[in-house]
Amino acid sequence: MDGFPVKVTEAVCLGASLAISGICYYLYKKSRTTLDKLDDAPHFTIDGKLKDILKVTPGACLQYAVIEGAVRPVGEPLTSHFQKEIVGVLQKFLLREHRLVWNGFSRTWMDSERILHQRVNEVPFVLVGSDETMVRVLCPIQASGVHTEITHEKFHQVNYGLGDIVGQYLSGEKLKGQLETEEMLKVGTALTGIGEVILDTDGTLCLRPPPNGTQYFLSIADFDTLRGEQESMATGWKALTITFALVGAAVLLWVGRRYYYRLKVQWEQDHERREFERLRAEATRARALLTGPEASQDRVEEHIENACVICLSQPRNCILLDCGHVCCCHSCYQALPHRRCPICRQNISRVVPLYHV
């Protein structure tokens, strides 16, 4: 596309759509791979047979398996800071500050938040099966999935004085308050674990993150619910990939359409110029036969009297239709930015050569 200008907005839209669709496709493939691994993962019940299975498995390791059991601490459990009757094995405390920030572009107040304090406490715990067989859970902080419940949530609102309100409007920020939350994995919760199950040298069953990078899950939901969430996520990334790819394709089609119409106009102008030159050549030959050698002086006088109103150097040699004005040469006619007569501004439907006899 030599000499064809691509607009900045078109280039930005095309680049952004291709980049975002590439990112979405990568996340879709990642979600799809995780979903396929979940479908292929075997399900095991936590009982005495699980240890027997691992004893005859090469390396005493199940690389990716699904187990379910009740949460039980190894030693003393954690106690909620706000509800003393709640105990658990994993505790997350989060303090977030909420503000309203003035957006000059949209002319509205936008909600903003930042984390002021975050703390995570954990104690060793196991998943217990029906016959008291236990599987120790390792590295629960690294696990994906929802495996905690909110045990406390409170919003501390800020009271303003008149000076505070004036200062907020001048600074463009309003402090709304602080949100205090506590989440815990409670003792006795039915937990679904998906990861690598191993039999340790001391005979302990353990669940840990797969060393090959496969996603590690701990969830208070059952396996079907967890799989459905992953499938919905993969479907969402796929839809976004297709959407942004279609946006990029639409931009390409729009640019291609402009380029096609530009070529079409250029082809029509070239065809019109060749036809005009052919007709002019025929008229020149016919006039030479009729007038003879004395026509050269007439052509000089004609060039002076009938100069093009645009370039003032070439003779007027074409008739603009439908208005019929004779005001320019054919080269200047083709250079007009809009197909309108320079005299009356009427649309030009076609142009024909001007013959002087």
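Bear in mind that the values in this text are calculations on the coordinates, not laboratory data. What you see is a predicted model; the values in this text were computed from it and never measured. Using ideal geometry, Cβ is built from the backbone for each residue, glycine included, and neighbour counts are taken over all protein chains shown.
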May I ask for the angle, rounded to the nearest 10°, between helix 295-305 and the longest principal axis of the chain, with both axes built from Cα atoms and the value confined to 0 to 90°?
-> 60 degrees
Once phi for every residue in segment 236-250 is put through the Karplus expression 6.51 cos²θ - 1.76 cosθ + 1.60 (θ = phi - 60°), the whole-Hz ³J(HN,Hα) values, with Gly and Pro written as x, are x, 5, 5, 5, 5, 4, 5, 4, 6, 5, 5, 4, x, 5, 5
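Sort Ser232, Ser80 by Cβ crowding within 10 Å, fewest neighbours at the top.
Ser232, Ser80
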Computed FRET efficiency, Cβ-Cβ of Asp270 and Ala250, R0 41 Å: what is it to the nearest 0.05?
-> 0.85
Multiply the residue separation of Tyr259 and Ser112 by 0.36 nm, subtract the distance between their alpha-carbon atoms, and state the gained length in nm to one decimal.
-> 48.4 nm
Along segment 325-333, Karplus-curve 3J(HN,Hα) (6.51, -1.76, 1.60; θ = phi - 60°) to the nearest Hz, with x for Gly and Pro, reads 6, 10, 9, 8, 8, 5, 4, 5, 4
Two-site FRET efficiency, Asp200 against Glu153, from Cβ-Cβ distance with R₀ of 35 Å, rounded to 0.05 = 0.35
Under DSSP loop assignment and at most 16 Cβ neighbours within 10 Å, longest chymotrypsin sites (Phe, Trp or Tyr not before Pro)-free interval of the chain | 161-354
Two pseudo-spin positions, 7 Å from Cα along C-beta at Ile141 and at Ala239, lie apart in nanometres by 3.6 nm
When each of Lys92/Lys186; Lys37/Lys238; Lys7/Lys29; Lys30/Lys51 is checked by Cα-Cα distance, pairs over 21 Å | Lys7/Lys29; Lys30/Lys51
The simple spin-label model distance between Tyr160 and Glu282, using points 7 Å out along Cα→Cβ, in nm, is 8.3 nm
Given H placed 1.01 Å from N in the peptide plane, which residues other than close sequence neighbours of Ile319 have an amide H under 5 Å from its amide H?
-> Val352, Leu354
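In µm²/s, what is D for segment 122-235 at 37 °C and 0.692 mPa s, where D = kT/(6 pi eta Rh) by Stokes-Einstein and Rh is the Kirkwood radius from Cα pairs?
Details: Rh = 17.7 Å.
Estimated diffusion coefficient is 185 µm²/s.
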Determine, from the Cβ-Cβ distance of Val187 and Val8 and an R0 of 56 Å, the FRET efficiency 1/(1 + (r/R0)^6), rounded to the nearest 0.05.
-> 0.40
Cα-based helix-to-principal-axis angle, 8-40 vs the chain, degrees rounded to 10 = 30 degrees
Note the full-extension length gain between Glu229 and Lys29 as 0.36 nm times their separation in residues minus their Cα-Cα distance, in nm to one decimal.
-> 70.5 nm
Please work out the ratio of the alpha-carbon Rg of segment 5-161 to 2.2 N^0.38 Å and round it to two decimals.
-> 1.61
Sort segment 53-98 into rounded, prolate or oblate with this rule: let a ≥ b ≥ c be the square roots of the eigenvalues of the Cα gyration tensor; rounded if a/c is under 1.5, and if a/c is not under 1.5, prolate when a/b is larger than b/c, oblate otherwise.
-> prolate
A correct fewest-to-most ranking of Val247, Val8 by other Cβ atoms within 10 Å would be Val8, Val247
Expressed in nanometres to one decimal, the distance between label points 7 Å along Cα→Cβ at Cys61 and Ser331 is 8.1 nm
